[in-house]
Amino acid sequence: SQIEIIQVGQSGTTVDAWVKNVGSSDIAAIENGDVFFGPVGNFTRIAYGNGSTPLPYWTYQLEGSNTRWGQTVTNRLTVHLSSSPLPGTYLLKIVIPNGVFDETTFSVE
């Protein structure tokens, strides 16, 4: 398995990350993965959730008509926050259930 964060964007109280499966196998049980987010040096683990979960939480939506996170499929992960991030540099790290991860830093202005 292998993933690659290909784009990150922030709008209001959400951070979206498009993550591509660049490995050779399907990624199952996506909700059992881990997402870490926050200012560089002060990030935290964000729980998986839904609209009734206390903030912050993350959700996902496979792009296109895909029903499984197969090879070459892009997954849009959304981190739902209680308030807009302050200007600064942020870390986003995504870990799939088998421990494979990718991370990136990005700026909020």
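The values are calculated or read from the model by the stated rules, or taken from the named source; none is laboratory data. It should be emphasised that the depicted structure is a prediction, and the values quoted were computed from it without experimental measurement. Cβ sites come from the backbone with ideal geometry, for glycine too, and all protein chains shown count toward neighbours. These area figures cover heavy atoms from the full protein model, side chains too; ligands, DNA and RNA do not enter into them. Shrake-Rupley method; radii C 1.70, N 1.55, O 1.52, S 1.80 Å.
Please verify whether the stretch 55-64 includes one or more residues that are closer than 20 Å to Ser107 by Cβ and either open to solvent by 60 Å² or more (accessible area, probe 1.4 Å) or polar (S, T, N, Q) (or both).
no
Go through (1) surrounded by fewer than 17 Cβ atoms within 10 Å (Cβ to Cβ); (2) within 11 Å of the chain's Cα centre (by Cα) and name the single condition Ile94 misses.
Of the numbered conditions (1) surrounded by fewer than 17 Cβ atoms within 10 Å (Cβ to Cβ); (2) within 11 Å of the chain's Cα centre (by Cα), the odd one out for Ile94 is (1).
Against the condition open to solvent by 90 Å² or more (accessible area, probe 1.4 Å) and of a type outside the set (Ser, Thr, Tyr), how does Phe106 come out, does it pass?
Criteria not met by Phe106.
Determine if the stretch 67-77 includes at least one residue that is farther than 21 Å from Gln7 by Cβ and small (Gly, Ala, Ser).
We begin by selecting, within the stretch 67-77, every residue farther than 21 Å from Gln7 by Cβ; these are 67-68.
Next cut, small (Gly, Ala, Ser) only: none.
No, there is no match, as no residue in the stretch 67-77 is farther than 21 Å from Gln7 by Cβ and small (Gly, Ala, Ser).
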